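Student: First the structure, then my questions, so here it is.
The values are calculated or read from the model by the stated rules, or taken from the named source; none is laboratory data. Quantities reported herein were computed from a predicted structural model and do not represent experimental measurements. Please note: Cβ atoms are built from the backbone with ideal geometry, for glycine as well, and neighbour counts cover all protein chains shown. Just the protein is used for accessible areas: all its heavy atoms, side chains included, with ligands, DNA and RNA removed. Shrake-Rupley method; radii C 1.70, N 1.55, O 1.52, S 1.80 Å.
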Amino acid sequence: MTAPAPGRIAQVRLRRIFDSRGNPTVEAEILTDRGERAVAGSPSGASRGAHEVRPFPEGGVEVAQERFRERLRDRLVGQALGDQAGFDATLRETDGSSDLSTLGGNTTTALSICYALATARAQELPLWRSLAGASRDPPVFPALVGNVLNGGVHALGGPDIQEFLVLAEAPEISWAVEGMVAVHREVGLRLRERFPHAALGRGDEGGWVSPLGNLETLGLLVGACQTVQDRGLRAGLSLRPGLDLAASEFFRDGRYVYREQTLDRAGQIGFVEGLTDRFHLAYVEDPLDQEDFEGFAELTARLGRGGRTWVVGDDLYTTDPDRVARGMGLASTNAVLLKVNQVGTLTETRRVVTRAEAAGAWTVCSHRSGETPDAWLAHLPLAFGSRGLKTGVLGGERMAKLNELVRLRSRES
Ligand code: 2PG
Ligand code: MG
């Protein structure tokens, strides 16, 4: 996976830190025998897919730390850098369970990324280039997927749909960031006009939260995207609306239960198709329940008709190579979301990329709703040739990734 690098692990630690929601998570630190230091934190999701690995063992972060000290640390000290697959296999073997419930997927994620960073440091390469080898040269920068309005489990009192997104594409990555920020601001202005006396808040990912229903919220987003697009801020900047429905979160007893309506499976497929046609949605994530591979395939076939709407599987796949293989076989989606801590290692994430690519599907690297200020996520789309990077628009922990991407772009030019 990575080219051999000089050096070995001299010390490795796992510390308890806090994510953007204030929940405890873990951060790994590796010191190499040549004195390089690498640090990586692991994020946490709130709307987790049923097939994700366990983020922490029973008992939480402190149990994860205890097990790391007792079972793993000594096996890692002395390991050579530059063998990501071997390192990740040690993590998996030591854990011994299929869902990483012994060490926790956040523990293995932090260690896997930290090891990749230590290798990159030793090679004097940026992380993405160390991971990609020569295969992704010159790097292609991703489209950005930013969260403008929050709902579902990421927002108190918001709509049922979890994320109202903007898909930003531009010849320069910083223009895409500007475009997303402009849409976020425009939505803020419209909300203030509409609710001049209400206290408006933001959700876990920095998007606005309002008391509006699902359709009104989508209408607001679509109007704001259009207004900002029409301003012609930058040549070649495209700002199009999208949704992450996270539909499993409101799927009860075989039905999709919204505030305004309850739909069966056929109703839900028709509803999402109708929204996509009416609002020209460019991006639709998790429109159906996480077990409905066939329903996804039906919707993908229908949305494939006019242009290519990105139909993205997140909870559907949970970055699991076997689930992705199944979805690719059925053409359930044309894009796959990648979250390293859903599966626990970079090596398995890469396996997902290979399967998606072989089927002609795009990949999108994604943040979690509970984030750390780490910037490593920005390197993954370049390493994996991903078509998209999904982060929030605002908030220091989101901007850290966007600014890192801007930094990488300026170094490449
Ligand atoms: C999602 C994510 C990130 P969470 O559903 O795509 O936006 O949410 O991290 O809570 O799973
Ligand atoms: Mg999602």
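Student: What list of whole percents do you get for P(r) of segment 185-283, with Cα-Cα distances grouped in 5 Å bins up to the one holding the largest distance?
Tutor: 2, 10, 19, 21, 19, 15, 9, 4, 1, 0
Student: Residue by residue through segment 25-41, what is 3J(HN,Hα) from phi via Karplus (6.51 cos²θ - 1.76 cosθ + 1.60, θ = phi - 60°)? Round to whole Hz and write x for glycine and proline.
Tutor: 9, 10, 10, 9, 9, 10, 10, 8, 5, 9, x, 7, 10, 10, 9, 8, x
Student: Any chance you could give the angle, 0 to 90 degrees and rounded to 10, that helix 84-95 forms with the longest Cα principal axis of the chain?
Tutor: Computed tilt is about 90 degrees.
Student: Segment 143-412: D in µm²/s via Stokes-Einstein (Kirkwood Rh, Cα pairs, 10 °C, 1.306 mPa s)?
Tutor: On the way: Rh = 18.5 Å.
Once the numbers are plugged in, D ends up at 86 µm²/s.
Student: Same structure again: Sort 31-44, 223-236, 152-165 by packing, meaning the average of other beta carbons within 10 Å per residue, with the highest value first.
Tutor: Numbers: 31-44: 19.7, 223-236: 15.8, 152-165: 23.2.
Taking the mean over residues of other Cβ atoms within 10 Å, the ranking is 152-165, 31-44, 223-236.
Student: Using a 10 Å cut-off on Cβ atoms, rank the peptides 388-394, 265-271, 125-131 from the highest mean neighbour count down.
Tutor: Output ranking for 388-394, 265-271, 125-131: 388-394, 125-131, 265-271.
Student: For the chain, what does the helix formula give at 222 nm: sum of -39500 (n - 2.57) over DSSP H segments with n ≥ 4, over the residue count, nearest 500 deg cm²/dmol?
Tutor: Working: 14 runs with 163 residues, N = 413.
Taken over the chain, the calculation gives -12000 deg cm²/dmol.
Student: Compute the long axis of helix 321-330 from its Cα atoms, compare it with the longest principal axis of the Cα atoms of the chain, and write down the angle in degrees, 0 to 90, nearest 10.
Tutor: 40
Student: While we're looking at this one, here's another question. Given Cβ point charges of +1 (Lys, Arg) and -1 (Asp, Glu) and nothing else, what value in debye, to the nearest 20, does the dipole of segment 88-192 about its Cα centre take?
Tutor: Dipole size: approximately 260 debye.
Student: Using the Cα centre as the reference, give the magnitude of the dipole from point charges on the C-beta atoms of the chain (Lys, Arg: +1; Asp, Glu: -1; all else neutral), rounded to the nearest 20 debye.
Tutor: 940
Student: Still on this structure, I have one more. Can you give me the accessible area per residue for the chain, using a 1.4 Å probe, in Å²?
Tutor: On a per-residue basis, the chain sits at 38 Å².
Student: For the chain, what proportion of DSSP beta bridges, expressed in % and rounded to the nearest 5, is antiparallel?
Tutor: About 60 percent, rounded to the nearest 5.
Student: Whose amide H sits under 5 Å from the amide H of Val336, counting only residues 5 or more places off or on another chain, with H placed in the peptide plane?
Tutor: Gly313, Trp362, Thr363, Val364
Student: Ignoring ligands, DNA and RNA, what percent of the 1.4 Å accessible area of the chain is carbon and sulfur?
Tutor: 48
Student: Quick check on packing: order 346-357, 188-199, 369-380, 320-331 by the mean number of other C-beta atoms within 10 Å, highest mean leading. Can you show the working numbers first?
Tutor: Working: 346-357: 21.5, 188-199: 11.8, 369-380: 23.4, 320-331: 18.5.
Descending mean neighbour count gives 369-380, 346-357, 320-331, 188-199.
Student: Report the percentage of all Cα-Cα pairs in segment 9-125 whose separation exceeds 18 Å, rounded to a whole percent. List each step's numbers first, then the result.
Tutor: Numbers: 3142 of 6786 pairs.
Within segment 9-125, distances greater than 18 Å cover 46 percent of Cα pairs.
Student: What fraction of the Cα pairs in segment 305-413, stated in percent, has a spacing above 17 angstrom?
Tutor: 52
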